[in-house]
Amino acid sequence: MNLPGKMDVEKDKLRQMNCEFNPLSRCDGSVMYSQGATVVIAAVLGPIEVKTQNLSIDGSYLECNYRPKAGLPQVKERIREAAIRDVLELALLAETHPRSKMSVQVQELEDRGSIDACAVNSACLAMLIGGLPLKYSFAAVHCIINEQGEYVLDPDQSETLHQRASFTFAFDSVEGNLLLVQTKGAFKIAQFNDIECLCRAASAEIFQFYRNQVAKYHGRSEAIADKKEEDASMET
């Protein structure tokens, strides 16, 4: 990863990413996404019928729900849900399906660090697979400053126990514009700028992962369709 200038970086690599497409059957698209040991599942439905109070003639209504691993959503889950919805609303081409609803459901399965970024990334992949109209894809990256003042990209749970500050950035795939910024703790402006550059560079790796996985998925789908056509022609 090419980084500008000299940075005091302890870890500048993302944890291993994996995904499984369409693990759920009763939705238009779903994905089980993991970074390291953090696992999230996201599902999308749409366009579907919308209630009268949410109907808009200018575009579709976006419903976004985030569910924790166990129990009912608390304040932190509601904040996470609002952040995901903000990013989705920026990326969604709502005007293509007026008087309808797009539904995105995100379920936390295991939180071992960087859960906010993983939730955003899983929602993006689910929308791509579900065929929801997007202006661009998006990727989120989490980074912290540890007690030694070093930058740790995509930290696991043990690395976040003694953090000095934490950051979550989301970028679009077209112009690299910032879609989301979440910060917590004490830090200097120079550190903020350094970490933005670090996360922006890491987002390119996530976008490449999207491209590889979606291309692999559609290639496999085409191969299955071709096989069915061959079998049908042989039967006739």
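The values are calculated or read from the model by the stated rules, or taken from the named source; none is laboratory data. Computed from a predicted structure; not experimentally measured. Don't worry about glycine lacking a Cβ; one is built from the backbone with ideal geometry, like all the others, and counts go over all protein chains shown. Surface areas here come from the heavy atoms of the whole protein model, side chains and all, with no ligands, DNA or RNA. Shrake-Rupley method; radii C 1.70, N 1.55, O 1.52, S 1.80 Å.
So which of 107, 53 ends up being open to solvent by 30 Å² or more (accessible area, probe 1.4 Å) and either on the phi > 0 side of the Ramachandran plot or modelled with pLDDT of 90 or more (or both)?
When all the criteria are applied, what remains is 107.
Of the residues that sit in segment 74-85 and are of a type in the set (D, E, K, R) and either in contact with a helix residue (DSSP H, G or I) (Cβ under 6 Å, 6 or more places away or on another chain) or open to solvent by less than 60 Å² (accessible area, probe 1.4 Å) (or both), which one is farthest from residue 170 (Cα to Cα)?
By that ranking, first place goes to 77.
Residue-wise test of (1) crowded, with 22+ Cβ neighbours inside 10 Å; (2) in contact (Cβ under 8 Å) with a residue 60 or more places away in the chain.
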position	(1), (2)
128	no, yes
163	no, no
170	yes, yes
182	no, yes
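For the subset of segment 130-159 comprising residues that are outside any loop (DSSP other than H, G, I, E, B) and under 17 Å from residue 46 (Cβ atoms), which member is most open to solvent (accessible area, probe 1.4 Å)?
Looking at the filtered set, the residue picked out is 134.
If I ask for residues that are touching a residue at least 60 places away in the same chain (Cβ under 8 Å) and either within 14 Å of the chain's Cα centre (by Cα) or open to solvent by less than 70 Å² (accessible area, probe 1.4 Å) (or both), which ones from segment 15-29 would you list?
Start the filter on segment 15-29 by keeping residues that are touching a residue at least 60 places away in the same chain (Cβ under 8 Å), which leaves 15, 17, 19, 21-22, 27-29.
If the condition is that a residue be touching a residue at least 60 places away in the same chain (Cβ under 8 Å) and either within 14 Å of the chain's Cα centre (by Cα) or open to solvent by less than 70 Å² (accessible area, probe 1.4 Å) (or both), then 15, 17, 19, 21, 22, 27, 29 are the ones that fit.
Given the options 204, 186, 190, name the one that is out of contact with any helix residue (DSSP H, G or I) (no Cβ under 9 Å at 6 or more places or on another chain), surrounded by fewer than 20 Cβ atoms within 10 Å (Cβ to Cβ), of a type in the set (Gly, Ala, Ser) and under 19 Å from residue 120 (Cα atoms). I'd like the intermediate steps shown before the answer.
Values: 186 fails: under 19 Å from residue 120 (Cα atoms); 190 fails: under 19 Å from residue 120 (Cα atoms).
Matching residue, one of 204, 186, 190: 204.
Taking residue 171 and the conditions (1) at pLDDT 95 or above; (2) out of contact with any Leu (no Cβ under 7 Å at 6 or more places or on another chain), which numbered condition does it fall short on, given that it satisfies the others?
Against the list (1) at pLDDT 95 or above; (2) out of contact with any Leu (no Cβ under 7 Å at 6 or more places or on another chain), residue 171 comes up short only on (2).
Looking for something modelled with pLDDT of 90 or more, of a type outside the set (D, E, K, R) and over 25 Å from residue 173 (Cα atoms) - is there at least one such residue anywhere in segment 30-41? Before you say what the answer is, go through the steps one by one.
Just the residues of segment 30-41 that are modelled with pLDDT of 90 or more, to begin with: 30-41.
Going one step further and asking which of them are of a type outside the set (D, E, K, R), we end up with 30-41.
With the extra rule that they be over 25 Å from residue 173 (Cα atoms), the set shrinks to 37.
Scanning segment 30-41, I find at least one residue that is modelled with pLDDT of 90 or more, of a type outside the set (D, E, K, R) and over 25 Å from residue 173 (Cα atoms), so the answer is yes.
Among the residues of segment 86-93, is there at least one that is assigned to a loop (DSSP other than H, G, I, E, B), open to solvent by less than 80 Å² (accessible area, probe 1.4 Å) and over 25 Å from residue 203 (Cα atoms)?
No, segment 86-93 contains no residue that is assigned to a loop (DSSP other than H, G, I, E, B), open to solvent by less than 80 Å² (accessible area, probe 1.4 Å) and over 25 Å from residue 203 (Cα atoms).
Please specify each residue of segment 30-50 satisfying the condition of being open to solvent by 50 Å² or more (accessible area, probe 1.4 Å) and assigned to a strand (DSSP E or B).
32, 45, 47, 48
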